[in-house]
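Have a look at this one.
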Amino acid sequence: MSMKLADAPSGNDLVKNSSLYREFQAEREEILKHKWIESEKAGHDIGFERALTDWIMKHRSKWRKSRQNSR
């Protein structure tokens, strides 16, 4: 039984369905939440790079451990 080209998953679909991509998206969402919270505290947009660095230093390892334990 052959698969038609139109029925084959695209490379984009394969990437979006990969566990690595899902983890990247989940981490990005956490960073964006952190950016919003810290920007509200500061009274201005702190920017993605600052939020990323701050989140990695303060929250990443605990966040990853909690995700691993929930599997």
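What follows is calculated from the coordinates using simple rules that are stated; it is not laboratory data. Predicted, not measured: the structure shown is a model, and the values here were computed from it. Quick reminder, even Gly has a Cβ in these numbers, built from the backbone with ideal geometry, and neighbours come from all protein chains shown.
Of all residues being β-branched (V, I, T) and under 23 Å from R71 (Cβ atoms) in the stretch 13-41, which is surrounded by the fewest Cβ atoms within 10 Å (Cβ to Cβ)? Just the residue, please.
V15
Filter the stretch 19-36 down to the residues that are under 13 Å from the mean Cα position of the chain (by Cα) and hydrophobic (A, V, I, L, M, F, W, C) and list them by number.
L20, F24, A26, I31, L32, listed by residue number.
Let me ask something else about it. If you take the residues of the stretch 37-68 that are over 15 Å from the mean Cα position of the chain (by Cα) and hydrophobic (A, V, I, L, M, F, W, C), which of them is nearest to S19 (Cα to Cα)?
M57
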